[in-house]
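Structure first, then comments.
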Amino acid sequence: MEEIKRLTGGSGVDVAIEALGKQATFENALRVLRPGGTLSSLGVYSGKLSMPLEPFAAGLGDHKIITTLCPGGKERMRRLMELVRHGRLDLTPLLTHRFTLDQIVKAYKLFGERRDGVIKVAIKP
């Protein structure tokens, strides 16, 4: 978070993407937004998510929060996938666990319970 502020001269970023589905990363994404910035939340929250007043600048930061995958979220996801496909964005550091298709129930259980340091799960046929 400090590095982002340093790189932007303290002003923050135009857009932050939260994809882990955790309260802490949601709050940090809010903290790095510039006034008028947008938080695109693609994470799947398995617990209670609350709106923290301090990172949200008590509503005075003019932030926009987008939390849906439909309909605009599908387009954002398509653009993200294009970045990955063209090698412009490497998401492999987020893949903490890999499962085969026949282990999908086990994978969803692990992910849903946030056990064993899971961040993202890859399913291979």
Margin query: Give me the residue from the stretch 73-102 that is in contact (Cβ under 8 Å) with a residue 12 or more places away in the chain and assigned to a helix (DSSP H, G or I) and, out of that set, farthest from Val44 (Cα to Cα).
Written below: Leu101
Margin query: Suppose we filter the stretch 4-21 for residues that are without any contact (Cβ under 8 Å) to a residue 40 or more places away in the chain and under 16 Å from Leu94 (Cα atoms); how many remain?
Written below: 2
Next item on the list: Collect the residues in the stretch 12-49 that are of a type in the set (S, T, N, Q) and touching a helix residue (DSSP H, G or I) at 6+ places or on another chain (Cβ under 8 Å), keeping them in residue-number order.
Entry: Ser40, Ser41, Ser46
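Read-outs throughout are calculated quantities, based only on the coordinates presented, and are distinct from any laboratory measurement. What you see is a predicted model, and the numbers here were worked out from it, not measured in a lab. Glycine gets a Cβ as well: all are built from the backbone with ideal geometry, and neighbour counts include every protein chain shown.
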